[in-house]
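Inspection log for the structure reproduced underneath, given as structure tokens.
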Amino acid sequence: MQALRLSFVTLLLLVLACRHSSPDTILPFRETTVAKSDIIVEDGDTFTWRGQKVRMLGIDCAEKDSPFHRGNQEPWGTRAEVFLRDQIANAGKLSVIRIEKPDRYGRWLGYLLADGVNVNARVIRAGLAYETVSHYGKQGLDRYAEECLEAATTAPKPEFELPHEFRKRNRKE
């Protein structure tokens, strides 16, 4: 009976390990290489990877036109989007690190790395995003969250209203 139980546990562990071994699977707290051709940039802080929206943690970029609010924060929304596109286009290697549970909108939450460098923090350093770690916390990804906090201490203050305040003030009823 003991041997049967041990065999079952071993088999279960092997099945679980194989289930997550696909290169197409992004594991929680694990760096997963992604192809540039599989990424579609939505705006400065959101992209789609193989059909799944990924909201970049630690940052909030200016709003572009949306069905959820009136107006936009142009030209800053487009500038952030172009910056993100350039980071992706110029990278030799892209990786995503995400938390396991999607947000209330069904998006993955994570950090994008270009050649091992935190792109989320780069967007802040460029003055194209506010940091959000101090509001939402580190989400268990301390290293990347700290990089965003550090970037915010040295970056120029964005020249647009806090996006969450803009969204709240301009929400469509």
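The values are calculated or read from the model by the stated rules, or taken from the named source; none is laboratory data. Computed from a predicted model, the values in this text were never measured in an experiment. All Cβ positions, glycine included, derive from the backbone under ideal geometry; neighbour counts span all protein chains shown.
Being basic (Lys, Arg) and either more than 20 Å from residue 41 (Cα to Cα) or touching a Ser or Thr at 6+ places or on another chain (Cβ under 6 Å) (or both) narrows it down to one residue among 98, 104; which is it?
104
Table: residues versus (1) closer than 19 Å to residue 48 by Cβ; (2) without any contact (Cβ under 8 Å) to a residue 40 or more places away in the chain; (3) surrounded by 15 or more Cβ atoms within 10 Å (Cβ to Cβ).
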residue: 65; (1), (2), (3): yes, yes, no
residue: 95; (1), (2), (3): yes, no, yes
residue: 98; (1), (2), (3): yes, no, yes
residue: 107; (1), (2), (3): yes, no, yes
residue: 166; (1), (2), (3): no, no, yes
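Any residue at all in segment 77-88 that is under 24 Å from residue 36 (Cα atoms), out of contact with any His (no Cβ under 7 Å at 6 or more places or on another chain) and touching a residue at least 60 places away in the same chain (Cβ under 8 Å)?
So far as segment 77-88 goes, no, none of its residues is under 24 Å from residue 36 (Cα atoms), out of contact with any His (no Cβ under 7 Å at 6 or more places or on another chain) and touching a residue at least 60 places away in the same chain (Cβ under 8 Å).
Quick one: residue 61 ticks every box in (1) crowded, with 21+ Cβ neighbours inside 10 Å; (2) at positive phi bar one, so which box is it?
Evaluating residue 61 over (1) crowded, with 21+ Cβ neighbours inside 10 Å; (2) at positive phi leaves (2) as the failure.
Among the strands (runs of 3 or more DSSP E) confined wholly to segment 66-173, which include 1 or more residues that are at pLDDT below 95?
Fully inside segment 66-173 and qualifying: 94-98, 108-114.
Are any residues in segment 57-77 among the hydrophobic types (A, V, I, L, M, F, W, C) and in contact with a helix residue (DSSP H, G or I) (Cβ under 7 Å, 6 or more places away or on another chain), and if so, which ones?
57, 59, 61, 62
Which ones in segment 130-140 are crowded, with 18+ Cβ neighbours inside 10 Å and more than 13 Å from the chain's Cα centre (by Cα)?
130
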